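The values are calculated or read from the model by the stated rules, or taken from the named source; none is laboratory data. Predicted, not measured: the structure shown is a model, and the values here were computed from it. Cβ placement follows ideal geometry from the backbone for every residue including glycine, while neighbour counts extend to all protein chains displayed.
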Ligand code: ADP
C-alpha cells in the first residue's frame with residue numbers, strides 16, 4: 001500500500017503527539033466559538049426587538065432573524081461534526097494513537113473552523129447590510145473573525161479569509177454607494193440628520209482605505225503572536241512528554257525494586273515464622289524478644305512494599321477495567337471484610353446503604369478495596385469501643401459514600417496534606433506505628449479514575465468523616 005508523504009510524517013510518534021495536542025487546542029477553540037455564537041444570537045434577537053419596538057425605529061428585522069436562523073444552523077452543523085470526534089471512542093486518547101485517526105480529526109476540526117469563520121463573515125455582512133451598511137459602527141466586527149483566524153489557522157487559510165473579508169466589505173460599501181441594492185437606514189430618530197454617508201465618496205474611500213490598512217496590520221500582528229504562542233505550546237507539550245517518559249522509567253524502576261524486595265521480605269518472614277511458631281524447638285526469653293521484633297518489623301515492611309507496589313501499578317495502568325456490578329453488595333462485602341478487625345477493638349460498624357445504591361458501572365474490585373481501606377483506617381485511628389458509620393446514597397450524577405468514625409481526628413492544618421504520598425498526621429504517628437502514608441493516595445487515585453472526588457471533614461479528638469463520590473456512567 002502506498003503511504004502518503006503526510007502519513008509518513010505522522011508515523012513519527014512525537015510529531016503525532018504534537019498534532020494531537022494541536023487537535024485538542026483547535027477542538028476546544030471551535031467549541032468556544034460555538035459558545036460565543038450562541039451568546040451573539042441571544043444578544044442580537046432581543047436587541048433587534050428593543051430597537052424596533054421600544055425606540056420605534058424602522059428596522060429590517062425579518063432578514064436579521066433569518067441570519068440568526070442560519071447562525072443557529074451553523075452552530076448545530078459544527079457541533080454535529082465535532083461530535084464525530086468524541087464518538088469515535090474516547091476523545092483524544094493518549095494511547096492507541098493511529099496516524100489515520102489523528103490526521104482525519106485534524107482535517108475535520110480545521111474544516112469546521114474554516115466553515116465557521118466563513119459563514120460568520122457572510123452573516124456579519126448581511127447583518128451590517130440591513131443595519132446601515134458602511135455607516136454601522138459595528139463594521140469593526142470583521143476584525144474579530146480575522147484575529148481568530150490568524151491565531152488558529154494556517155497563514156494560507158488566514159490569507160483566504162482576509163481576502164473574503166475585504167471582498168465582502170467592498171461589496172457592502174460599493175453596492176449601496178453605486179445604488180446596486182437599496183440602502184437600509186440604521187438611525188431615524190426625529191432629531192437625527194441623515195448625512196447619507198454611504199453615498200459620500202470621500203467617506204466610502206476613507207473607510208475602505210482604513211479598513212484594508214487595519215485588516216493587514218491586525219492579521220500580521222495576530223499571526224505572529226499566534227505563531228509564537230503555538231511554538232511555546234509545542235515546547236511545553238514536548239517538556240510534558242519528556243516528564244511523562246521519565247515518570248514511566250521511574251515507575252518501572254520502583255516496580256522492579258519493590259517486586260524484588262517483596263520476594264526477599266516474604267522469605268525472611270516465613271523463616272522468622274518458623275522460629276516464632278517454635279517448630280524447631282523452644283526459644284529462650286532473650287532470643288524470643290529479638291525475633292518477635294524482627295517479625296513485626298518485617299510485617300510492617302511487607303505492608304509498605306505491598307502498598308507501594310499497588311500505587312505504582314495504579315500509576316502505570318491505563319483506563320480502569322469497568323463492568324456493571326452491584327455496588328450495595330460490594331459495600332456490604334467491604335464492611336464484612338473488616339468485621340474481625342473492628343471486633344478486636346470492640347468497635348461497632350453501622351451501615352446505612354440507601355435503596356438507590358444498586359447497579360453501578362466501574363471497577364468492582366478496586367471500589368470494594370478502597371472502601372475496606374477507609375474502614376480499616378477508621379478502625380486503626382479510633383480508640384477501643386468507638387463507632388463507625390458507613391453511609392451510601394445515590395445523588396444526581398454520582399454515588400456518594402461516607403465513612404465516619406469517632407477517632408483521633410486530624411489536626412486542622414494537616415487535613416490538606418493527608419492524601420499526599422507518605423504523609424502521616426503528627427497526632428497519630430506515635431500512637432499507631434504501622435502506617436505507610438500510601439493508603440489514602442491509592443484511595444484518591446481509584447476515586448479519580450471513576451470520575452469522583454474525595455475529601456475529609458475532621459475534628460481533632462472527636463472523629464473524621466471521609467466522603468467520596470463515584471461518577472455514574474452507562
Ligand atoms: P497510613 O494509615 O498507612 O498511615 P494512609 O494513607 O491510609 O496511611 O493515611 C494517611 C494519614 O491520614 C494517616 O497516617 C493518618 O494520619 C490520617 N488518617 C487516615 N485515616 C484517618 C482516620 N480515619 N482518622 C484519623 N486520621 C486518619
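Numbers at a glance
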{"read-out": "Options 143, 126, 138: the member that is within 24 Å of residue 229 (Cα to Cα) and surrounded by fewer than 21 Cβ atoms within 10 Å (Cβ to Cβ)", "value": "143"}
{"read-out": "Scope the range 350-362; condition closer than 16 Å to residue 332 by Cα and either away from the ligand (no atom under 16 Å from the Cβ) or touching a residue at least 60 places away in the same chain (Cβ under 8 Å) (or both); matching residues", "value": "351, 352, 353, 354, 355, 356, 357, 358, 359, 360"}
{"read-out": "Of all residues making up the range 28-60, the number that are assigned to a helix (DSSP H, G or I) and touching a residue at least 24 places away in the same chain (Cβ under 8 Å)", "value": "10"}
{"read-out": "One residue from 395, 390 being farther than 23 Å from residue 303 by Cα, in contact with a helix residue (DSSP H, G or I) (Cβ under 8 Å, 6 or more places away or on another chain) and away from the ligand (no atom under 12 Å from the Cβ)", "value": "390"}
{"read-out": "Pair list, Cβ < 8 Å and 6+ apart or interchain, from the range 375-400 residues that are at positive phi to residues that are part of a loop (DSSP other than H, G, I, E, B) and away from the ligand (no atom under 12 Å from the Cβ)", "value": "385/345; 385/346"}
{"read-out": "Residue list for the range 146-161, restricted to those being surrounded by fewer than 21 Cβ atoms within 10 Å (Cβ to Cβ) and in a helix (DSSP H, G or I)", "value": "147, 151, 155, 156, 157, 159, 160"}
{"read-out": "Criterion: within 24 Å of residue 171 (Cα to Cα) and either at pLDDT below 85 or touching a helix residue (DSSP H, G or I) at 6+ places or on another chain (Cβ under 7 Å) (or both) - qualifying residue of 97, 54, 124, 79", "value": "124"}
{"read-out": "Selected residue [more than 8 Å from the ligand (Cβ to nearest atom), under 30 Å from residue 328 (Cβ atoms) and either surrounded by fewer than 18 Cβ atoms within 10 Å (Cβ to Cβ) or modelled with pLDDT under 95 (or both)] from 416, 404, 384, 421", "value": "384"}
{"read-out": "Residue in the range 286-303 that is within 16 Å of residue 372 (Cα to Cα) and surrounded by 15 or more Cβ atoms within 10 Å (Cβ to Cβ) present", "value": "yes"}
{"read-out": "Matching residues, the range 315-330, being surrounded by 14 or more Cβ atoms within 10 Å (Cβ to Cβ) and over 21 Å from residue 398 (Cβ atoms)", "value": "315"}
{"read-out": "Long-range neighbours under 8 Å by Cβ, at least six apart or interchain, first residue in contact (Cβ under 8 Å) with a residue 60 or more places away in the chain within the range 413-432, second assigned to a loop (DSSP other than H, G, I, E, B) and more than 8 Å from the ligand (Cβ to nearest atom)", "value": "none"}
{"read-out": "Pick from the range 424-474, criterion in contact with a strand residue (DSSP E or B) (Cβ under 7 Å, 6 or more places away or on another chain) and part of a loop (DSSP other than H, G, I, E, B), ranking: farthest from the ligand (Cβ to nearest atom)", "value": "474"}
{"read-out": "Residue within the range 177-197 that is in a helix (DSSP H, G or I), surrounded by fewer than 20 Cβ atoms within 10 Å (Cβ to Cβ) and touching a helix residue (DSSP H, G or I) at 6+ places or on another chain (Cβ under 9 Å) present", "value": "yes"}
{"read-out": "Count of the range 275-285 residues which are part of a helix (DSSP H, G or I) and surrounded by 11 or more Cβ atoms within 10 Å (Cβ to Cβ)", "value": "2"}
{"read-out": "Complete set of residues in the range 405-423 that are out of contact with any helix residue (DSSP H, G or I) (no Cβ under 8 Å at 6 or more places or on another chain) and within 20 Å of residue 387 (Cβ to Cβ)", "value": "406"}
